[in-house]
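Colleague: Please see the structure below; I have some questions.
The values are calculated or read from the model by the stated rules, or taken from the named source; none is laboratory data. Treat the numbers as computed from the prediction; the structure is a model and nothing was measured. Every residue, glycine among them, receives a Cβ derived from its backbone with ideal geometry; neighbour counts consider all protein chains shown. Note: areas computed on protein heavy atoms with side chains; ligands, DNA, RNA excluded. Shrake-Rupley method; radii C 1.70, N 1.55, O 1.52, S 1.80 Å.
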Amino acid sequence: YRETGDFEAAIRSGLASLELFRQVDADRETAGLENDMALSYLALGNTMRADDMIASARAALERLGDEWYLAHVLDTQAQIELARGEAAEAAATSGRAVEMAERAQNAKATVDATLTHARAISQLGDTAAALASYERAGALARDIGSASLIRKALREWADALAAAGKHEQAFAIMREALAVA
């Protein structure tokens with residue numbers, strides 16, 4: 001539901017599933033669902049509920065020592081911090097998410113956290129570093145080969161290039177994003 005934009009349905013479904021996962025002590029699955037629900041709450045602008053969900057997911061995954069999932073959770077936490085206007089905290093958290101994702105060899109989390117990191121350092125005014133992070137995310141996404149991830153990374157990079165006044169580069173990257181099947 002979240003991926004189709006029906007965030008209310010995602011939350012309703014998530015709450016029902018969350019209770020079932022908790023009853024069978026499926027801690028890892030519960031944490032993954034809490035991360036998804038945090039993203040849904042975030043999309044609806046409810047950072048307080050998003051923060052509650054992500055704190056619970058983070059505590060469970062830290063207890064389990066699961067860096068693969070924890071990298072996703074740290075990225076979500078950084079996105080929540082960005083939504084609150086806490087760019088410096090988001091930059092630090094997303095930086096930790098990138099490191100953890102790389103250590104856990106979680107390619108998707110590496111791309112997502114690199115994009116979040118780029119957004120955070122862009123808000124801090126470091127355009128050159130942000131563009132370098134966007135470029136890195138684009139290269140990583142291309143290596144993974146997931147069309148949706150490539151389009152996402154390239155679109156964000158193209159937007160950042162355009163905002164920086166690098167319109168020819170932005171146009172070339174956007175054309176590449178549109179050509180991804």
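Colleague: Can you list the helices (runs of 4 or more DSSP H) found entirely within segment 85-181 that contain at least 2 residues being under 26 Å from L70 (Cβ atoms), open to solvent by less than 60 Å² (accessible area, probe 1.4 Å) and not β-branched (V, I, T)?
Modeller: By residue number, 87-104, 107-123, 127-144, 147-163.
Colleague: On to the next question. How about segment 1-16: which of its residues are in a helix (DSSP H, G or I) and at pLDDT 75 or above?
Modeller: Result: F7, E8, A9, A10, I11, R12, S13, G14, L15.
Colleague: Going by the conditions given, is Q79 out of contact with any helix residue (DSSP H, G or I) (no Cβ under 6 Å at 6 or more places or on another chain), open to solvent by 20 Å² or more (accessible area, probe 1.4 Å) and of a type in the set (S, T, N, Q)?
Modeller: So Q79 fails the test.
Colleague: Please list, ordered by first then second residue, the pairs with beta carbon atoms under 8 Å, 6 or more apart or interchain, first in segment 159-181 and within 15 Å of L131 (Cα to Cα), second open to solvent by less than 60 Å² (accessible area, probe 1.4 Å) and of a type in the set (V, I, T).
Modeller: L161/I173
Colleague: Out of E67, E29, E81, E34, report the one residue that is without any contact (Cβ under 8 Å) to a residue 12 or more places away in the chain and among the acidic types (D, E).
Modeller: After ruling out the rest, the residue left standing is E29.
Colleague: What's the total number of residues in segment 41-68 that are closer than 12 Å to I80 by Cβ, under 17 Å from the mean Cα position of the chain (by Cα) and not charged (D, E, K, R)?
Modeller: 11
Colleague: Which count do you get for residues in segment 17-29 that are polar (S, T, N, Q) and either more than 17 Å from L39 (Cβ to Cβ) or at pLDDT below 75 (or both)?
Modeller: 1
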